[in-house]
Amino acid sequence: MKLQYISILLLLLLTPLNVFAVPARRCPATLTQPDGSRFTATLKGDEYQNLLLTADGHAVVQDADGWYCYATFEADGSRHSSGVHVGDPYPAPADIPYAAIASAARARRQLAAPEEDNLMRRLNRLNFSAPALTRAGTQQSAVKHGIVILAQFQDIQFRFTREDFVNMLTQEGYSVNGATGSAKEYFDSQFNGMYDFQFDVSKIVTVSKNRAWYGANNSNGNDVRPEEMVIEACRLVDADIDFSLYDDDGDGEVDNVFVFFAGGDAAEYAGDDCIWSHAWYIRDGAGKNLSLDGKVINRYACGSECTTKDFKNYNLMAPIGTFCHEYSHTMGLADLYDTDGSDNGQSDGVWYWTSLMDGGNMNNGGNTPPFYNALEREMLGIAETELLPVGNVTMSPISQGGVAYRIPSNVEGEYYLLEFRYPESWDKYVGGKGLLVYHVDRSETIVHGYSAKMHWDFYNTVNCWADRQCMDLLEANPSAQGQAYSRVGQGNYYIGDIFFPYGSYSSINGSGPHKLEFWNGSTSLVQISAITLNDKILRMSVSGEGSVEVPPVVKNLEVERFQTSAILNFSSSRASSDATAVVEWNKIGSSDVMSSECKAYSPGLYAIRIEGLQPKTAYEVRVFLRIDGIDGEIETYKFISVSMPDDPLPFIYLKNVERNTDGSFCIGCRLPLVAGGVPDCESVRWYYSGREIEAGPDCYFHPSSSGELKADIRYADGSHDLIVKYINIVKQ
């Protein structure tokens, strides 16, 4: 029989944008050797780039007998055991080739191609017509199906029951081991009831090999075969589960499979033969194929059954934090911690405790992950940020649905983001309260070899460079800058340093040390002063007109090509903007550039016709929007113009005009009013049913009734041709 459904509110979503993993537990651990001797080490990085380092800087690996040994490295970043046990005499620490290790990690991350939208936003479009901000909590929830599989190994069995996992995921008021709610309750708070999930937990199944066969590390420090565990687990539960139920966006793939594996997590020092919790791809990442019940299974995430307090005994039920972190990856969120560890410096990230996607999955021992921050909410379509208004501004905490504000730069995708956090509910263990100010860069600006946008959407390296983070907190206490990582081991005692107001620091961009500076050297004209906090009300005074308005982005560019001309239609990402569209074009390989400009013919809609093209010639068109002399992002399109026969005859272009199934034309169809086969014509006058016509603002003529379309083609020698075509309009 198929499993009965357990309905919960939880988003089991996966987007093939990146390769993700939970961060290592950022605190030193005391590890035990087989002979009982002990040493202290720190685990840094994630599943795709991690190192275990002793207190004096030695890199360590664990051998097949369980001994921790000093590591040696090859030039490509691969690591091997020296055979010398930690604690025995050994020379100075080996040089760690961080750059080579990072390069190998990037290569693995880029195996899965990015998509324009994450699954969350695709489902929002399918299920809701209203904007996310107005629909949350106001409409009936959409159903989202998800599946969780429980997989144990030949040598490691489950300590906890299926019912324990059902409770952890769905039980109202879940409180095991200090929990403050179930995963259902966490996501319910984040998404305001937008989705109602039927969440199915499988029986416990046993895969065919010991744990080390799937989880042992290769020479790069990655698990060798974690996807094989997932493949086997899926096949073992196929008799009980109809996988076709879990493709909610209808793309032919199961949206997500989550596997809980027996035992501990490599991210929590459980050992090199353990699997590190992560999200990955069976087909796009591992290059293997699995289809069940007519659906491709590609995307998966996994996490451990158990956690630990002493890094020796892994006998506690895993809390919801890591599960929520991995599932948030599957919804399209990137890691905000420094995923390459100490390479390129140690970044502050967003100070660990403030974000589920940094280290907040471990708040309160993993039991109370924090609320999504304003950017994460916007990325998932839950709520939109607003431009910061001038005047006296009052803010409510995001835990109560408070609005977040942005301050733009003159670069599309770079801005400052302001939100109010208060220690209640899921934010109770963040450790501070007040205004958080983030410097966000998701632009096309190049950051260490790749655009900032690519660091978010493709490589999962948002904050890998200490000198150039793509989401950085502006610390209220200036002396706290660069201190986040070193303070993790001290708990969140000092977290108050990042919140405004802090001591005498209650202004931004005034005479004090806090400036709203952008990466191109410009500074916002916005000034914020008199930041005060009174319980759950934050107030501030805002003056200045802000930065120059950022031009919107060109969207939905369409090009209809002809022999000597082309029609371009496109839209603006911000319909309310009064931006001017600039179109440049040239033959590919030629430096002779032509250009033209136009204004929107309707809010956010643009059209232009470019002339003087040569037939059967490759062209490149560049389109961007301009405001007050500031140019926006360039949208590029390449095409080859239509060829001209050696002995051409004049005709009217109707090839791409919308038609009914019987060949008649649709009401309001787009007639381009272009004549072909006339290389030397001087002008063309157009008539419809005897009345002279011209193209509309979208560069097309739209007939509402049947009629005779006539082209009067004039040549330089005074001769002319008349071409007539009857346009039969049928309403269907």
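Here is a yes/no grid of residues against (1) outside the structural domain of PHE187 (by TED's automatic domain parsing); (2) in contact with a strand residue (DSSP E or B) (Cβ under 7 Å, 6 or more places away or on another chain); (3) not small (Gly, Ala, Ser):
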| residue | (1), (2), (3) |
| --- | --- |
| LEU375 | yes, yes, yes |
| ALA404 | yes, yes, no |
| GLU412 | yes, no, yes |
| LEU417 | yes, yes, yes |
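Can you pull out every residue in the stretch 593-619 that is of a type in the set (Lys, Arg) and touching a residue at least 60 places away in the same chain (Cβ under 8 Å)? So that I can check it myself, show each step before the final result.
Step one: filter the stretch 593-619 for residues of a type in the set (Lys, Arg), giving 599, 609, 616.
If the condition is that a residue be of a type in the set (Lys, Arg) and touching a residue at least 60 places away in the same chain (Cβ under 8 Å), then ARG609 is the only one that fits.
Being of a type in the set (A, V, I, L, M, F, W, C) and either under 20 Å from GLN732 (Cβ atoms) or loosely packed, with under 15 Cβ neighbours inside 10 Å (or both) is the filter here, so list the residues in the stretch 643-670 that pass it. Step through it out loud before you land on a result.
Of the residues in the stretch 643-670, the ones of a type in the set (A, V, I, L, M, F, W, C) are 644, 649, 651-652, 654, 657, 665-667, 669.
Matches in the stretch 643-670: LEU649, LEU654, VAL657, PHE665, CYS666, ILE667, CYS669.
From the list TYR174, TYR186, TYR214, the lone residue that is part of a helix (DSSP H, G or I), closer than 26 Å to ASP427 by Cβ, modelled with pLDDT of 90 or more and aromatic (Phe, Trp, Tyr) is TYR186. Scanning the stretch 313-336 for residues that are closer than 19 Å to LEU380 by Cα and among the aromatic types (Phe, Trp, Tyr) yields a total of 2.
Determine, yes or no, whether GLN157 is over 26 Å from the mean Cα position of the chain (by Cα), at pLDDT below 95 and surrounded by fewer than 21 Cβ atoms within 10 Å (Cβ to Cβ). Write out each step before concluding.
Details: over 26 Å from the mean Cα position of the chain (by Cα): yes; at pLDDT below 95: no; surrounded by fewer than 21 Cβ atoms within 10 Å (Cβ to Cβ): yes.
Here the answer is no, as GLN157 does not meet what is asked.
The residues of the stretch 502-532 that are over 21 Å from VAL390 (Cβ atoms) and surrounded by 19 or more Cβ atoms within 10 Å (Cβ to Cβ) amount to a single one, TYR502. A count restricted to the stretch 461-488 and to residues that are at pLDDT below 80 and either in a loop (DSSP other than H, G, I, E, B) or not assigned by TED's automatic domain parsing to the domain that holds VAL430 (or both) stands at 2.
Scanning the stretch 620-653 for residues being within 17 Å of VAL674 (Cα to Cα) and either free of Cβ contacts under 8 Å to residues at least 24 places away in the same chain or assigned to a loop (DSSP other than H, G, I, E, B) (or both) gives a total of 9. There is no residue in the stretch 404-421 that is surrounded by fewer than 18 Cβ atoms within 10 Å (Cβ to Cβ) and either free of Cβ contacts under 8 Å to residues at least 24 places away in the same chain or not in a loop (DSSP other than H, G, I, E, B) (or both).
Quick check on my filter: what residues within the stretch 384-394 are touching a residue at least 40 places away in the same chain (Cβ under 8 Å) and either among the aromatic types (Phe, Trp, Tyr) or surrounded by fewer than 21 Cβ atoms within 10 Å (Cβ to Cβ) (or both)?
GLU384, LEU387, PRO389, VAL390, GLY391, ASN392, VAL393, THR394
Can you spot a residue in the stretch 308-315 that is within 28 Å of GLN190 (Cβ to Cβ), surrounded by 24 or more Cβ atoms within 10 Å (Cβ to Cβ) and not assigned by TED's automatic domain parsing to the domain that holds ALA484?
Residues of the stretch 308-315 that are within 28 Å of GLN190 (Cβ to Cβ), as a first pass: 308-309.
Still in the running and surrounded by 24 or more Cβ atoms within 10 Å (Cβ to Cβ): none.
No, the stretch 308-315 contains no residue that is within 28 Å of GLN190 (Cβ to Cβ), surrounded by 24 or more Cβ atoms within 10 Å (Cβ to Cβ) and not assigned by TED's automatic domain parsing to the domain that holds ALA484.
A Cβ distance below 7 Å, combined with a sequence gap of six or more or placement on separate chains, defines the contacts here; from the stretch 427-450, residues that are closer than 20 Å to ASN363 by Cα reach residues that are among the acidic types (Asp, Glu) in the pairs LEU436/GLU419.
Is at least one residue of the stretch 234-255 assigned by TED's automatic domain parsing to the domain that holds ALA142, surrounded by fewer than 17 Cβ atoms within 10 Å (Cβ to Cβ) and of a type in the set (Ser, Thr, Tyr)? Checked against the condition, which is being assigned by TED's automatic domain parsing to the domain that holds ALA142, surrounded by fewer than 17 Cβ atoms within 10 Å (Cβ to Cβ) and of a type in the set (Ser, Thr, Tyr), the stretch 234-255 yields at least one hit.
This table checks each residue for (1) at pLDDT 90 or above; (2) under 42 Å from the mean Cα position of the chain (by Cα); (3) over 30 Å from TYR715 (Cα atoms).
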position	(1), (2), (3)
PHE624	yes, yes, yes
MET644	yes, no, no
ASP647	no, no, no
ARG670	yes, yes, no
LEU673	yes, no, no
PRO679	no, no, no
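Taking the options GLY285, GLY250, name whichever one is under 24 Å from the mean Cα position of the chain (by Cα), within 30 Å of VAL60 (Cβ to Cβ) and at pLDDT below 95. Spell out the reasoning first.
On the way: GLY250 fails: within 30 Å of VAL60 (Cβ to Cβ).
On inspection, the qualifying residue turns out to be GLY285.
Those strands (runs of 3 or more DSSP E) of the stretch 49-101 in which 2 or more residues are crowded, with 16+ Cβ neighbours inside 10 Å and at pLDDT below 85 occupy 49-54. Taking (1) surrounded by fewer than 19 Cβ atoms within 10 Å (Cβ to Cβ); (2) outside any strand (DSSP E or B) in turn, ILE495 satisfies each apart from (1). Which pairs do you get when a residue that is touching a residue at least 24 places away in the same chain (Cβ under 8 Å) and on the phi < 0 side of the Ramachandran plot, found in the stretch 705-720, comes within reach of a residue that is surrounded by 15 or more Cβ atoms within 10 Å (Cβ to Cβ) and part of a loop (DSSP other than H, G, I, E, B), reach meaning Cβ atoms under 7 angstrom, with the pair 6+ apart or on two chains? Going by the 7 Å Cβ cut-off, the qualifying pairs are ILE713/PRO650; ILE713/VAL678.
Among the candidates LEU673, LEU613, the residue that is buried (at least 16 other Cβ atoms within 10 Å of the Cβ), in a loop (DSSP other than H, G, I, E, B) and assigned by TED's automatic domain parsing to the domain that holds LEU722 is uniquely LEU673. Does VAL657 fit the bill of being in contact with a strand residue (DSSP E or B) (Cβ under 7 Å, 6 or more places away or on another chain) and at pLDDT 95 or above? It is false that VAL657 is in contact with a strand residue (DSSP E or B) (Cβ under 7 Å, 6 or more places away or on another chain) and at pLDDT 95 or above.
When you go through GLY360, GLY381, GLY366 one by one, which is the residue that is buried (at least 19 other Cβ atoms within 10 Å of the Cβ) and either among the aliphatic types (A, V, I, L, M) or under 30 Å from GLU633 (Cβ atoms) (or both)? Spell out how you get there, then give the answer.
Details: GLY360 fails: either among the aliphatic types (A, V, I, L, M) or under 30 Å from GLU633 (Cβ atoms) (or both); GLY366 fails: either among the aliphatic types (A, V, I, L, M) or under 30 Å from GLU633 (Cβ atoms) (or both).
That would be GLY381, the only listed residue that is buried (at least 19 other Cβ atoms within 10 Å of the Cβ) and either among the aliphatic types (A, V, I, L, M) or under 30 Å from GLU633 (Cβ atoms) (or both).
Could you tell me which of the residues GLY491, GLY503 is modelled with pLDDT of 85 or more and at positive phi?
Working: GLY491 fails: modelled with pLDDT of 85 or more.
Being modelled with pLDDT of 85 or more and at positive phi holds for just one of GLY491, GLY503, which is GLY503.
Among the residues of the stretch 298-316, those that are over 21 Å from the mean Cα position of the chain (by Cα) and either farther than 22 Å from GLY359 by Cβ or not in a strand (DSSP E or B) (or both) comprise GLU305, THR308, LYS309, ASP310, PHE311, LYS312, ASN313, TYR314, ASN315.
The values are calculated or read from the model by the stated rules, or taken from the named source; none is laboratory data. No experiment lies behind these values; they were computed from the predicted model shown. Methodologically, a virtual Cβ is constructed for each residue, glycine included, from the backbone with ideal geometry; neighbour enumeration extends over all protein chains shown.
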